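Read the figures in this text as sums done on the coordinates, not as results from a lab. The structure presented is a predicted model; accordingly, all values stated were derived computationally and were not measured. Using ideal geometry, Cβ is built from the backbone for each residue, glycine included, and neighbour counts are taken over all protein chains shown.
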DNA sequence: GATTTTACGTA
DNA sequence: CGTACGTAAAATCT
């Protein structure tokens, strides 16, 4: 019977009272059926769903191409067949939350059901939340995308949800996820029915059962996952998988009580310790699990790590989310399980363990295929030093801290009182809104706006420090500006950096994150630099240790007889840029500096060099001010900053800033060429590779924002990686003997006995002068040293 | 009470 | 129209 129909759409366009009916199109018996939401303006005009020249249709087609799917072989339709007023799907629902469909929508869903029934596709791809709801009754696309579901509308038929192409248009980085999803959908179009779930996930009834499971594991690799209660990171559940399909978990804690006797628990930890120190281990975010095991149970299994799936995913896809649920949706064919954490934590944990194993196997193949194994192994080697730095913490001198708190609390309180007196009323100067009202309404000053990232961004009013500085120039002799700045500075210092909780031993801890940021899930920029954030294992301190201001650094003091020694990569990013841009003059300067004896190195200062070329003065005659101009311009231009930044930094007018920039570019034409070459590389496949082999695909919209992000990528990433290589080597050689305190992107701090200074300097130099090939030349970034009684009081020392 | 915005510290 | 990062406090949402 079906044979009689060659195309579903015999009459795609039917006009009813001026509104087009947009029907499903495509060949009968297609294996994939794409279902969207409603027709848009163009679809309505031409009667075709995802019309090729409509915004969503254009994106849809390009996503299909990237996923290797031929649209001609697919059915394509929408849930709603007419365009609602204002393109709002809620028009077809009785209620605001879009759960009760109106009669007409019910009829369209029945049409959809019949189309599915006639065609019997192997997979229906639900594009967006409405299609997901119509086909399965579920609403949250972000929760279910990437996982196979069974249709409730047509039982027995697979539904595979992903984002709507229009969502990709709004948030372009989603396209990576959608392409990955579509590839998986293409795989599912090859067979009908739900994929069998072969996993055996078991919650152990008691310790004995868990221990016998551990003892019987024959495989040499296992994956491990812990659940822990905060604060204190007390382990509540342990899960171990011996393969992607076999996992067992055991609940150790119920409520606030251990479920087992002390003796039983000790037995468990002993047996677990044996397994963890004899097998190769897979973990997701191993630094946390290994850290908790080491700190709370004395189990040190760091050297047994084979793969941290977080790091593997970071090396492969640094631009995407990397939580386990997301990775599973890309790599595996398992049902979504992340929402079961509360209802059945033990099974949830077992699923975590098993899925981590499966993800690891997938990622390993991908790392190999894409030539990323070296970067991955390097990142794995960073786990031990970063974790031990976290656990060790850095010492705080309580007396110094209290004095600083007292001093700066006085400053902001006095400043506040003075301001209130001048203004004749009380204002919260930490409130941006109140300060804006004060400046722009009460005082009627010219409104200051934030610098925009894009010309198309809306202008935003600001009352930040930069705006206040500008106003103080416009209105001289008004004392409130300086008072405001003083208040903000000291308040911030006290609240964010001085009044912090210390550990019982008076230390501060931070978690060094090898994979960088994790804040939002629409594309990240992690370039291989570490980030620093609050340690969940030891939650003491200000969290981020990479943004402590100089004043607050004074409270981090060395023990008696000890010093804090700092090693810096000299002008690191400027050196990398010089080699990337192939700036011969500059490269020669850096090489000459390297070959000069220590006492003469000051004669090869890059910023003075810039000033010499900019202003035609002699090297000896470069003033401090001219050097600052040179430094600011080099920095600004390297990263394609504009005159706004230069004028703000130098305190000059925009006109002067523009002239300076122009002059700089004329003297350094290589920079424009280098920027152009970055753009050319992006044009090829949006991917940049650093001299150390780290790759990053830039998913943002094509344009200046993308370019600027890309310009900064190679220098930042290369310097970060080189410093971490140094740190790993130094740790591997001497981590047991010397205390590595802090990593600050291009410098490392040590806490060492004063008598060891020159030995540690030697150790640093042994590794830090490593050679890197760039543009068929050999780059060496120099190192220099400072030391002092505290982190905030550091003096240069020779070597 | 949870989430978003604004501002600000470092490299 | 520098980039990258994390956090505190205020504002805003539900």
Inter-label distance, nm, simple model (7 Å from Cα along the C-beta direction), residue A:143/residue A:474: 4.9
Residues A:415, A:778, sorted so that the one with the fewest Cβ neighbours within 10 Å comes first: A:778, A:415
Extension gain, residue A:672 back to residue A:701 (0.36 nm per residue minus Cα-Cα distance, nm): 8.3 nm
Space enclosed by the convex hull of the alpha-carbon atoms of the range A:481-639, per residue, Å³: 215
Between helix A:757-768 and chain A: long-axis angle, C-alpha atoms, 0 to 90°, nearest 10: 40
Backbone N under 17 Å from the residue A:732 label point (7 Å along Cα→Cβ), restricted to the range A:362-378: A:373-378
Alpha-carbon Rg/Rh ratio, for chain A, with Rh computed the Kirkwood way: 1.00
P(r) histogram, all alpha-carbon pairs of the range A:65-105 included - 10 Å bins from 0, percent: 25, 36, 20, 19
Spacing of the two label points (7 Å from each Cα toward its C-beta) at residue A:598 and residue A:685, in nm: 4.7
Highest-first arrangement of A:182-195, A:48-61, where packing means the average Cβ count within 10 Å: A:48-61, A:182-195
Acute angle (nearest 10 degrees) that the helix A:606-615 long axis makes with the longest principal axis of chain A, alpha-carbon atoms: 80
Euclidean distance between Cα centres, the range A:105-167 to the range A:338-358, Å: 26
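For a footprinting-style exposure proxy, rank A:511, A:90, A:798 by other Cβ within 10 Å, fewest first.
Ordered from fewest to most neighbouring Cβ atoms within 10 Å, A:511, A:90, A:798 come out as A:798, A:90, A:511.
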Length added when fully stretched, residue A:454-residue A:192, from 0.36 nm per residue minus Cα-Cα: 89.6 nm
Cα gyration tensor shape of the range A:243-382, rounded if a/c is under 1.5, else prolate or oblate by comparing a/b with b/c: oblate
Helix A:262-276 vs. chain A, principal-axis angle (Cα, 0 to 90°, nearest 10): 90
Percent of Cα-Cα distances greater than 12 Å, calculated over the range A:182-221: 74
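Only bridges with both residues in chain A count here: give the DSSP antiparallel percent, nearest 5.
Working: 59 of 83 bridges.
In chain A, DSSP labels about 70 percent of beta bridges as antiparallel.
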Viscosity 1.306 mPa s, 10 °C: Kirkwood-radius Stokes-Einstein D of the range A:600-693 over Cα pairs, µm²/s: 108
Per-pair calculated FRET efficiency, R0 = 51 Å: residue A:28 and residue A:503 via Cβ, rounded to 0.05: 0.15
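According to the square roots a ≥ b ≥ c of the eigenvalues of the Cα gyration tensor, what is the shape class of the range A:32-96, taking rounded for a/c under 1.5, prolate for a/b larger than b/c otherwise, and oblate for the remainder? Let's see the in-between values first.
Details: a/c = 2.39, a/b = 1.87, b/c = 1.28.
Prolate, because a/c is 1.5 or more and a/b exceeds b/c.
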Rounded FRET efficiency, nearest 0.05, which uses the C-beta distance separating residue A:94 from residue A:67 and R0 of 35 Å: 0.45
Peptide ranges A:532-538, A:246-252, A:110-116 listed from the most packed, as the mean C-beta count within 10 angstrom indicates: A:246-252, A:532-538, A:110-116
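Based solely on its DSSP helices, what 222 nm [θ] is calculated for chain A when runs of n ≥ 4 H residues each add -39,500 (n - 2.57) and the sum is averaged over all residues, nearest 500 deg cm²/dmol?
That comes out to -14000 deg cm²/dmol.
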Inter-probe distance in nm under a simple model that places probes 7 Å from Cα toward Cβ, at residue A:296 and residue A:617: 6.1
For A:149, A:725, order by how many other beta-carbon atoms lie within 10 Å, fewest first: A:725, A:149
Shape metrics for the range A:617-753, restricted to C-alpha atoms - Rg then Dmax, Å: 19.2, 56
Sorted peptide list for A:25-34, A:466-475, criterion being average Cβ within 10 angstrom, highest first: A:25-34, A:466-475
